[in-house]
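What follows is a short report on a single structure.
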Amino acid sequence: MPRKVPSTIFYIVAGFFVCVVSLLASSIQLTGSVWVKFAIVGGFSVPAIVALVTGLVSSDFRHWKRDVGIVIVSGQAQQHLGV
């Protein structure tokens, strides 16, 4: 039980950053270079990946496919539903 709390917190943070990455990827206009968009999206992807991997490590990679799927789908749903 105590190991679920930190992993859940890290999953929530990762879901937030997935939502931000999705929002940035769909809203950034390509006025300049494509590399600028890649840099911005990539910069926000790093904290999402770090938080997700930290959550997986704290839960000992139990049910990792389910957990990663929930984080990605919920992050996308937040962006599309406007929650």
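Throughout, read-outs are computed from the coordinates displayed, never taken from laboratory work. Note that this is a predicted model, so its numbers are computed, not measured. Counting neighbours? That spans all protein chains shown, and the Cβs are built from the backbone with ideal geometry, glycine included.
Its DSSP H runs of at least 4 residues, each contributing -39,500 (n - 2.57), put the calculated 222 nm mean residue ellipticity of the chain at -28000 deg cm²/dmol, to the nearest 500. Taking all Cα-Cα distances within the chain, those exceeding 16 Å account for 52%.
Could you sort 34-46, 65-77, 15-27 so that the peptide with the highest average Cβ count within 10 Å comes first and the rest follow in order?
In decreasing order of mean packing, 34-46, 65-77, 15-27 become 15-27, 65-77, 34-46.
For the chain, the longest principal axis of the Cα atoms and the long axis of helix 34-58 meet at an angle of about 0 degrees.
Compute the length gained on full extension between ILE12 and VAL73: take 0.36 nm times their separation in residues and subtract their Cα-Cα distance, giving the result in nm to one decimal.
20.8 nm
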